[in-house]
Structures are given as structure tokens and as C-alpha cells.
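Chemist: Take this structure first; my questions come after.
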Amino acid sequence: GMAQSIASWEYHLPHFAKERSVLMYECLGQGPLPPEEVCSDVDLDSYYKDVSLERQGSDFWSVVDEALFENNDGNGRVVDVVGFSFGGRVAMAAAVSQPNRIRRLHLTGVAAERDEYANVLLASWKEMLSANYMDTIDKEKV
């Protein structure tokens, strides 16, 4: 979800990893900024300009393909996907773009539509991202 990061999933990992390999994915714009050595030559304003669900779904498949490699036939690997809240929306976008690659899609906390309150939350989330609000938080008080 938008108020969480990949760390929220750490305690679920042992359960999910019992019978399969697991790739934990951090959606674009969530969690901390990438380390300087990873993105020193990237203009982050341009990078974060498009945070659409279409881009999020495309980025998801790029990460999956990089981490899990493609099948020998050139088709991407088939995966099970779990998503909560905004991560669920990204999972749906990924499933819509490449439905043949999803074996199971498990979603929770995903609304069918975004109401006016959710639009206000989204607008404030975008405003915080654009203003680097997270850099201004006194982390010792959190």
C-alpha cells in the first residue's frame, strides 16, 4: 500500500517461501529513494514523472524478467502474485498487460473504484513525493 514499504512484507516471507521462490517487489515511488550509487546518473524528477499504473505494471514485469530470467522460448516466466492496497492495483495492471504470465493473483485491500476521499489521498501522496517530503521528516521522532 501507499503508506507501507517492502519491509511490511518481511514477516510473510517465510510462509510464501515454503514451496516457491519469492521476489519481493517495491512499487515505483514507495520506500526510500534508490541509493546514490544506483541512480547517480538518473534525473529523479524525470524518472518519477510517470507513476501511472501502466508504467508500474511494465516496471513490475521488467523486474520479474531481470530477476527470474525468461523461458527458453522467449516468453516470460509464469508467476503467482500477491498484492495489497496499491500493490494490488499494480498487480492488476501487470495482469492486464500480460495475463498469460499470471498463474495466481491474490489481492486484498483493493477497492473496485477510487472515491473522492481516495483521490485526495492520492493527490497528497503525489505532492509529498514531488516535494521530497520524506527527506524533511525528523527520523529520530518517528
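The values are calculated or read from the model by the stated rules, or taken from the named source; none is laboratory data. Keep in mind it's a predicted model, so treat the numbers as computed, not measured. Backbone-built Cβ (ideal geometry, glycine too); neighbour counts: all protein chains shown. Heavy atoms of the whole protein, side chains included, go into the accessibility calculation; ligands, DNA and RNA do not. Shrake-Rupley method; radii C 1.70, N 1.55, O 1.52, S 1.80 Å.
Chemist: Quick one: how many residues across segment 115-137 are at pLDDT 75 or above, among the small types (G, A, S) and over 18 Å from Q56 (Cβ atoms)?
Modeler: Here the count works out to 1.
Chemist: Conditions: (1) closer than 28 Å to W125 by Cα; (2) out of contact with any Gly (no Cβ under 9 Å at 6 or more places or on another chain); (3) not acidic (D, E). V22 meets all but one. Number of the miss?
Modeler: (1)
Chemist: Do we have any residue at all in segment 38-46 that's open to solvent by 70 Å² or more (accessible area, probe 1.4 Å), under 14 Å from A91 (Cβ atoms) and in a helix (DSSP H, G or I)?
Modeler: No, the conditions are met nowhere in segment 38-46.
Chemist: Continuing with this model, one more query. Looking at the structure I just gave you, is V79 under 18 Å from R55 (Cα atoms), in contact with a strand residue (DSSP E or B) (Cβ under 7 Å, 6 or more places away or on another chain), open to solvent by less than 70 Å² (accessible area, probe 1.4 Å) and in contact (Cβ under 8 Å) with a residue 24 or more places away in the chain? Even if it seems obvious, please write down each step before you answer.
Modeler: On the way: under 18 Å from R55 (Cα atoms): no; in contact with a strand residue (DSSP E or B) (Cβ under 7 Å, 6 or more places away or on another chain): yes; open to solvent by less than 70 Å² (accessible area, probe 1.4 Å): yes; in contact (Cβ under 8 Å) with a residue 24 or more places away in the chain: yes.
So V79 fails the test.
Results for (1) part of a loop (DSSP other than H, G, I, E, B); (2) modelled with pLDDT under 80; (3) β-branched (V, I, T), shown as yes or no for each residue.
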{"position": "V22", "(1), (2), (3)": "yes, no, yes"}
{"position": "V63", "(1), (2), (3)": "no, no, yes"}
{"position": "V90", "(1), (2), (3)": "no, no, yes"}
{"position": "E113", "(1), (2), (3)": "yes, yes, no"}
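Chemist: Also, I was wondering about something else. Here is a list: R55, R20, R104. Which entry is charged (D, E, K, R), under 18 Å from the mean Cα position of the chain (by Cα), loosely packed, with under 10 Cβ neighbours inside 10 Å and over 18 Å from S5 (Cα atoms)?
Modeler: Working: R55 fails: loosely packed, with under 10 Cβ neighbours inside 10 Å; R20 fails: under 18 Å from the mean Cα position of the chain (by Cα).
Of R55, R20, R104, the one residue that is charged (D, E, K, R), under 18 Å from the mean Cα position of the chain (by Cα), loosely packed, with under 10 Cβ neighbours inside 10 Å and over 18 Å from S5 (Cα atoms) is R104.
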